[in-house]
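The values are calculated or read from the model by the stated rules, or taken from the named source; none is laboratory data. Note that this is a predicted model, so its numbers are computed, not measured. Every residue, glycine among them, receives a Cβ derived from its backbone with ideal geometry; neighbour counts consider all protein chains shown. Side chains are part of the model used for accessible areas, which takes the heavy atoms of the whole protein and leaves out ligands, DNA and RNA. Shrake-Rupley method; radii C 1.70, N 1.55, O 1.52, S 1.80 Å.
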Amino acid sequence: GVVEEVSDTNRVWTRALLTDLAREAGADDPDVLAQRLLLLYDGAIVGSKMDHRADVGVAARDTAVVLIDLAIAGS
């Protein structure tokens, strides 16, 4: 249906954006970093909804910084 099509299109766009940003940041493997960041993004959304916590984004951001630092340090 329409909702699934819009969701799929957004997913492709989000993955491409993260991959492009990872590449621009100098990640050794932009695809892997983007995949990990997308997983973190998904988890933060689900976790904040399930746990009813607004501060999940802070932990997700801090974790993203670690992932990005490691990905860039490896290049």
**OP:** Can you work out which of the residues in the stretch 47-66 that are open to solvent by less than 90 Å² (accessible area, probe 1.4 Å) and charged (D, E, K, R) is modelled with the highest pLDDT?
**Re:** Asp62
Original post:
Which residues, counting only those in the stretch 31-46, are more than 8 Å from the chain's Cα centre (by Cα), surrounded by fewer than 18 Cβ atoms within 10 Å (Cβ to Cβ) and over 17 Å from Ile72 (Cα atoms)?
Top reply: Gly43, Ile45, Val46
**OP:** Can you confirm whether the stretch 14-27 contains a residue that is open to solvent by 100 Å² or more (accessible area, probe 1.4 Å) and not basic (Lys, Arg)?
**Re:** yes
